[in-house]
Amino acid sequence: MCDEQTRTDALEALAGTTFFPYWLDAPQRPRDEPALQTPESCDLLIVGGGFTGLWAAVQAKEADPDRNVVLIEANSIAIGASGRPAAILSTSVMHGLANAQRLYPDDMEELERLGKENLDGFRETIERYGIDCDLEWGGELTVAIGEEGLEDIKKEHKLYCHYGHDAHLLDEDAIRHEINSPLFSGGLWSKKRSGTVHPAKLAWGLKRVALELGVRIYENTPMVENRKSGTGVEITTPKASIQANRVLLATNAFAAGNRKIRTRVAAIRDRIVVTEPLTEAQLSEIGWQNRQGIYDTRTQLNYMRLTADNRILFGGRLDYFFGNNTDPDEDKAPEPYVRLIDNFYRTFPTLRGIRFTHAWSGPIALTTRMAVHYQYYHGGKMLYAGGYSGFGVTATRFGARVALAILDDKKTPERKLKFASSKPAYIPPEPFRWIGAKITMYALDTLDEKGGWRVPWVRMVERMGFPVTQK
């Protein structure tokens, strides 16, 4: 726990903070498309205007320009997870190499090939359509905290090299040259096919592309009900219904309230703070000239990156609210961010006193696999694609492509892999879910410092399938 002085400093640094995603607080935010008012019909209906839905819309129209595609969004495009992540890019389509190795050791070669192919397609799409999204290719950096952290990155380095990544181990001197923090004892820098992006600008750019390709988009149009209807599915919205041959539910954590989906998905909250822009002197002090996206090896890991105007985004501190609550009022106040800022101060002690302009949290769709999975409805005519627990900015493009292949029953190589035909493990219902989550979050918060009962508890949770230590 942080001391009283740190708590006081953190609360002062949060004075005047906007509790809303920095990415969405932008003058270039486009106006919403009108809500659906009259009945519609289409070949493909996409429910959800985040990355999965937008990538699905674009790829569906690219594959068949004559395909009749409609997308509905309950609020505004990018208002969910797609408008609030750190947006560190990766080739992984299964939440990192270590997680993929844990889940699908027999499919690793193909998953790695597909992941690299996916990121190349991600980049090509952005360049072809001229999407301005502050894309930078500084690489992906995992930083070690202490001796145990060094062992973690050495293991990770072997995996990266085995699968052909341009990955480099950095000793303490080398990592301090890259980013000056007293916590970092080493690092693993994957230099190619990784970097950072402005996620909201990317989503807004994909929205523009989808509209130009002929997708009809209706915002502020939530799905109220769905039912099998003839050879397709009928979706009811507040003002009108939609008759669709196929439906893709691209709602990720926001579908965790669905009775079937919540047996596999929990809406775990992730918290982020963003500083005011750094001065030249502050930038010089911490280095970071190559502007990598960074993860550390703490049990409750932190991640960080620079924005285009040289703010530091710093995230972590998971939490869970009873009943998969995706919008708790508690996270719109300073107190939940104090411990995150304490970790920021430990990471960058020379920046103590800097102000934080934005702070926010939001649900991530946590499953035991921490990566995309698919659930079928109405005889396979409606499909849920979700479960991204990070790494989703690029992996959603891949997940959407596979979802389209499943809906259209196309025999693609991806569908032969285990991830496409299996589901994550079952998650207990309330109140056991809330009790277990709260004990686990507390154990993770204090594991590194106190050990004790926390170690066997965390190991038990990992045996259930949750890789909660991120190692």
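Summary table below
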{"item": "Residue match in the range 234-246 (condition: of a type in the set (Val, Ile, Thr) and within 25 Å of residue 395 (Cα to Cα))", "result": "no"}
{"item": "Test: residue in the range 136-144 that is more than 25 Å from the chain's Cα centre (by Cα), in contact (Cβ under 8 Å) with a residue 24 or more places away in the chain and under 19 Å from residue 303 (Cα atoms)", "result": "no"}
{"item": "Selected residue (only one of 359, 395 is surrounded by 24 or more Cβ atoms within 10 Å (Cβ to Cβ), touching a Lys or Arg at 6+ places or on another chain (Cβ under 9 Å), at pLDDT 95 or above and within 30 Å of residue 183 (Cβ to Cβ))", "result": "359"}
{"item": "Qualifying position, being open to solvent by 10 Å² or more (accessible area, probe 1.4 Å), within 17 Å of residue 385 (Cβ to Cβ), out of contact with any His (no Cβ under 8 Å at 6 or more places or on another chain) and acidic (Asp, Glu), among 117, 73", "result": "73"}
{"item": "Tabulated pairs, the range 25-40, first over 29 Å from residue 275 (Cβ atoms) and open to solvent by 90 Å² or more (accessible area, probe 1.4 Å), second among the aliphatic types (A, V, I, L, M) and part of a loop (DSSP other than H, G, I, E, B), C-beta under 7 angstrom, 6+ apart or interchain", "result": "37/240; 39/240"}
{"item": "Index of the failed condition, residue 54 passing every other in (1) assigned to a helix (DSSP H, G or I); (2) farther than 24 Å from residue 293 by Cβ", "result": "(2)"}
{"item": "Residue count, the range 82-113 (criterion: under 16 Å from residue 420 (Cα atoms), touching a Ser or Thr at 6+ places or on another chain (Cβ under 7 Å) and either open to solvent by less than 10 Å² (accessible area, probe 1.4 Å) or of a type in the set (D, E, K, R) (or both))", "result": "1"}
{"item": "Residue within the range 299-311 that is in contact (Cβ under 8 Å) with a residue 24 or more places away in the chain and on the phi > 0 side of the Ramachandran plot present", "result": "yes"}
{"item": "Members of the range 227-260 that are among the polar types (S, T, N, Q) and touching an Asp or Glu at 6+ places or on another chain (Cβ under 7 Å)", "result": "236, 241, 243, 245"}
{"item": "Meets criteria (in contact (Cβ under 8 Å) with a residue 24 or more places away in the chain, farther than 17 Å from residue 121 by Cβ, aliphatic (A, V, I, L, M) and assigned to a helix (DSSP H, G or I)) for residue 437", "result": "yes"}
{"item": "Selected residue [within 20 Å of residue 250 (Cα to Cα) and over 23 Å from the mean Cα position of the chain (by Cα)] from 40, 4", "result": "40"}
{"item": "Tally, over the range 368-395, of residues that are farther than 25 Å from residue 117 by Cα and touching a Pro at 6+ places or on another chain (Cβ under 7 Å)", "result": "1"}
{"item": "The range 120-135, subset charged (D, E, K, R) and exposed (fewer than 14 other Cβ atoms within 10 Å of the Cβ), residue nearest to residue 297 (Cα to Cα)", "result": "120"}
{"item": "Complete set of residues in the range 325-366 that are touching a strand residue (DSSP E or B) at 6+ places or on another chain (Cβ under 8 Å) and more than 15 Å from residue 272 (Cβ to Cβ)", "result": "325, 326, 328, 348, 351, 354, 355, 365, 366"}
{"item": "Of all residues making up the range 266-294, the number that are at pLDDT below 95 and touching a helix residue (DSSP H, G or I) at 6+ places or on another chain (Cβ under 7 Å)", "result": "4"}
{"item": "Subset of the range 49-70 (residues that are in contact with a strand residue (DSSP E or B) (Cβ under 7 Å, 6 or more places away or on another chain), open to solvent by 20 Å² or more (accessible area, probe 1.4 Å) and not charged (D, E, K, R))", "result": "68"}
{"item": "Residue in the range 371-389 that is outside any loop (DSSP other than H, G, I, E, B), at pLDDT 95 or above, of a type in the set (A, V, I, L, M) and farther than 29 Å from residue 134 by Cα present", "result": "yes"}
{"item": "Selection count where residues are open to solvent by 30 Å² or more (accessible area, probe 1.4 Å) and either free of Cβ contacts under 8 Å to residues at least 24 places away in the same chain or assigned to a loop (DSSP other than H, G, I, E, B) (or both), scope the range 281-297", "result": "5"}
{"item": "Lone qualifier among 305, 346 - being assigned to a strand (DSSP E or B), among the charged types (D, E, K, R) and surrounded by 15 or more Cβ atoms within 10 Å (Cβ to Cβ)", "result": "305"}
{"item": "Members of the range 308-343 that are modelled with pLDDT of 85 or more and not in a helix (DSSP H, G or I)", "result": "308, 309, 310, 311, 312, 313, 314, 315, 316, 333, 334"}
{"item": "Residues located in the range 6-17, provided they are open to solvent by 60 Å² or more (accessible area, probe 1.4 Å) and either under 30 Å from residue 133 (Cβ atoms) or of a type in the set (S, T, N, Q) (or both)", "result": "8, 16"}
{"item": "Residue ID - farthest from residue 137 (Cα to Cα), chosen from residues in the range 150-173 that are in contact with a Gly (Cβ under 7 Å, 6 or more places away or on another chain) and open to solvent by less than 40 Å² (accessible area, probe 1.4 Å)", "result": "150"}
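The values are calculated or read from the model by the stated rules, or taken from the named source; none is laboratory data. None of these values were measured; they are calculated from a predicted model. As a convention, Cβ positions derive from the backbone with ideal geometry for all residues, glycine included, and neighbour counts pool all protein chains shown. Ligands, DNA and RNA are excluded from the accessible area calculation, which covers all protein heavy atoms including side chains. Shrake-Rupley method; radii C 1.70, N 1.55, O 1.52, S 1.80 Å.
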